[in-house]
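Take a look at the structure set out below.
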Amino acid sequence: MESYDYVIVGAGSAGCVLANRLSAEPGVRVLLLEAGGSDRKMNIRIPVGFAKQFRTDLDWNYTSEPEESLIGRSMYLPRGRSLGGSSSMNAMIYIRGNRGDFDGWAANSAPGWSYREVLPYFKRSEHNERIQNAYHSQGGELNVADPVWSSTLAPLFVESAGEVGIRATDDFNGASQDGAGMMQLTQKRGRRWSAADAFLHPVKDRPRLELQTGATVRRVLIDSGRATGVEYEVEGSARTARADREVIVSAGAYNSPQLLMLSGVGPADHLREVGVEPIVDNAHVGSHLQDHPLATTTYECRDTVTLFDATNPKYLVQYIVGRGRGKLSSNVAEAGAHVRVADDAPWPDFQLLFGAAYYFDNGFRAYPGHAFTLGPSFVRPVSEGEVRLRSPDPHDPPAIHLGWFQDPAEMRAMVAAVRLAREIAETGPLAKAAVRNLDPGPGVRSDEQVEAWLRAELQHTYHPSCTCRMGDEDGGVLDPELRVRGVEALRVVDASSMPRITSGNTNAPTIMIAERAADLILGREPLSPAEVEAAEPAQVTAAT
């Protein structure tokens, strides 16, 4: 048994940050365990190839249980399985979420996580190539850039959005989230800049940091109410690592609750049913799963500067010779908008994603021609699903229920969002580029028809969260310092820690959570009131 100060499970968006920050402390030894392998793969490095990772050895390749609200469909659930985790598989969109998300966290059993308190942690990581103001920073490890290449359709989308009343914006992470514009991306010189690129690779040779890939963690070792290490295997060989200070689980919203339950922390009755002896009975472990439902409306188009022919070898030559230039640098979802579909929405309840490509069924279906996709993502859902064990075998994938549309108002909102997406696509300059609607199709018009199409074809935005959420003793798994209730020296730090899902892409807030967690773990003093007050312009107070 080898001994370390900290053992981190998972080298994803949070784990890479923690490995960097904790191993920087003098005399601290850190072990980082990752089930996947290298991230030095072409479909990881080249942005447009993110969906080419799906159902490969770079993917956990999970599938949900049959979803009652989706006519019994089982949903494909990709998650990154390499260094960088899902930051090595995502569409690289840098969205922090809305001020109201974090103020809501702080007001509901997660003090210390208000917008003003977390903004400095967003800024700590960031190096924004373009925006220099009080909401952004330069000098951090996470490179945030404007797209290197974009289609001729992206600005037409912004113009058409303006014609239906959605103003233009050049910063979704500033004073206001509302508006339509180009997305900023976690890229550098036209290539993906994952959490592994930003935080892990630059420090991988630190003598006090040990990285082990291909490591499946079987359970957290708990002795007399304290986490003392982990049991894991590499190539079938069992190993044990001791954690003198803490074990930190950063395995993601599906695998983190799975590991806690395999270790005896979770709903006691469920654990007994699958053959795991309960140590801590907590019904919230694996509960409260949230994700963003996504509908993809698609159109055939006249424009030829799209991603339809991006696989042509000439673009690979252009990308290599031009050092990240050309179509292969596209993240597909080049532009977007944050909008309020519900009349009473206090901040945007939908994110509209725009791409100059046919993107349907997770990219598995193709269209033999030029097309664009406009996808409304419901970023303020209320329904919750769950993650449960199938057996005590860590190699068995967890049983996942998304549990969408328990509130009928959610489906009404999705129908209204599809109508908005079609209105934008059929208005102004974008309408002149469009030839015909492909999905859901010109014959699908009534609310009932759109709802039926949604139940049959709805996708998701790859943002699972909240399954080990912060909350009070009766409502969560973690306390506000991300410590697992009932077990000493054990924390969960990743998207599963969120009390409620954020209103946008979840990679940036996960990195922020890890930045703040590093301070909490190392016992650093929290930000002073003056530092919090200075984190943004004092005159901006609205939760928009």
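The values are calculated or read from the model by the stated rules, or taken from the named source; none is laboratory data. It should be emphasised that the depicted structure is a prediction, and the values quoted were computed from it without experimental measurement. Heads up, the Cβs are rebuilt from the backbone with ideal geometry, glycines too, and the neighbour counts pull from every protein chain shown.
The table that follows gives values for the structure above.
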{"read-out": "Exclusive hit being of a type outside the set (A, V, I, L, M), at pLDDT 95 or above and over 26 Å from THR502 (Cβ atoms), set GLU423, GLU410", "value": "GLU423"}
{"read-out": "Near pairs, Cβ below 9 angstrom, 6+ apart or cross-chain, from the range 406-418 (touching a residue at least 40 places away in the same chain (Cβ under 8 Å)) to any residue that is part of a helix (DSSP H, G or I) and among the β-branched types (Val, Ile, Thr)", "value": "MET414/VAL450; VAL418/VAL450"}
{"read-out": "Residue match in the range 372-384 (condition: small (Gly, Ala, Ser), in contact with a strand residue (DSSP E or B) (Cβ under 8 Å, 6 or more places away or on another chain) and not in a loop (DSSP other than H, G, I, E, B))", "value": "yes"}
{"read-out": "Exclusive hit being in contact with an Asp or Glu (Cβ under 7 Å, 6 or more places away or on another chain), in a loop (DSSP other than H, G, I, E, B) and either touching a residue at least 60 places away in the same chain (Cβ under 8 Å) or surrounded by fewer than 18 Cβ atoms within 10 Å (Cβ to Cβ) (or both), set ALA134, ALA196, ALA154, ALA175", "value": "ALA134"}
{"read-out": "Filter pass, PHE122 being over 30 Å from VAL305 (Cβ atoms), touching a Phe, Trp or Tyr at 6+ places or on another chain (Cβ under 7 Å) and outside any loop (DSSP other than H, G, I, E, B)", "value": "no"}
{"read-out": "Selection within the range 340-356 - crowded, with 24+ Cβ neighbours inside 10 Å and either closer than 22 Å to TYR315 by Cα or among the β-branched types (Val, Ile, Thr) (or both)", "value": "PHE354, GLY355, ALA356"}
{"read-out": "Within the range 4-34, tally of residues that are of a type in the set (A, V, I, L, M) and surrounded by fewer than 23 Cβ atoms within 10 Å (Cβ to Cβ)", "value": "2"}
{"read-out": "Residue in the range 68-85 that is at pLDDT below 95 and either within 18 Å of the chain's Cα centre (by Cα) or of a type in the set (Ser, Thr, Tyr) (or both) present", "value": "no"}
{"read-out": "Flag if TRP149 is within 30 Å of TYR358 (Cβ to Cβ), in a loop (DSSP other than H, G, I, E, B) and hydrophobic (A, V, I, L, M, F, W, C)", "value": "yes"}
{"read-out": "Test: ASN128 is buried (at least 20 other Cβ atoms within 10 Å of the Cβ) and polar (S, T, N, Q)", "value": "yes"}
{"read-out": "Selected residue [outside the structural domain of GLY84 (by TED's automatic domain parsing), crowded, with 23+ Cβ neighbours inside 10 Å and part of a helix (DSSP H, G or I)] from LEU430, LEU420", "value": "LEU430"}
{"read-out": "The listed residue being basic (Lys, Arg) and in contact with a Pro (Cβ under 8 Å, 6 or more places away or on another chain), out of ARG191, ARG226", "value": "ARG191"}
{"read-out": "Leading residue by the ranking (farthest from ASP494 (Cα to Cα)) among those in the range 157-172 that are among the charged types (D, E, K, R) and not in a loop (DSSP other than H, G, I, E, B)", "value": "GLU163"}
{"read-out": "Helices (runs of 4 or more DSSP H) completely within the range 218-331 that count 2 or more residues being on the phi < 0 side of the Ramachandran plot and either without any contact (Cβ under 8 Å) to a residue 12 or more places away in the chain or among the charged types (D, E, K, R) (or both)", "value": "268-274, 313-321"}
{"read-out": "The range 43-63, residues that are more than 16 Å from TYR359 (Cα to Cα) and assigned to a loop (DSSP other than H, G, I, E, B)", "value": "ILE46, ARG55, THR56, ASP57, LEU58, TRP60, ASN61"}
{"read-out": "Condition check for ASP244: at pLDDT 95 or above and either over 26 Å from the mean Cα position of the chain (by Cα) or of a type outside the set (D, E, K, R) (or both)", "value": "yes"}
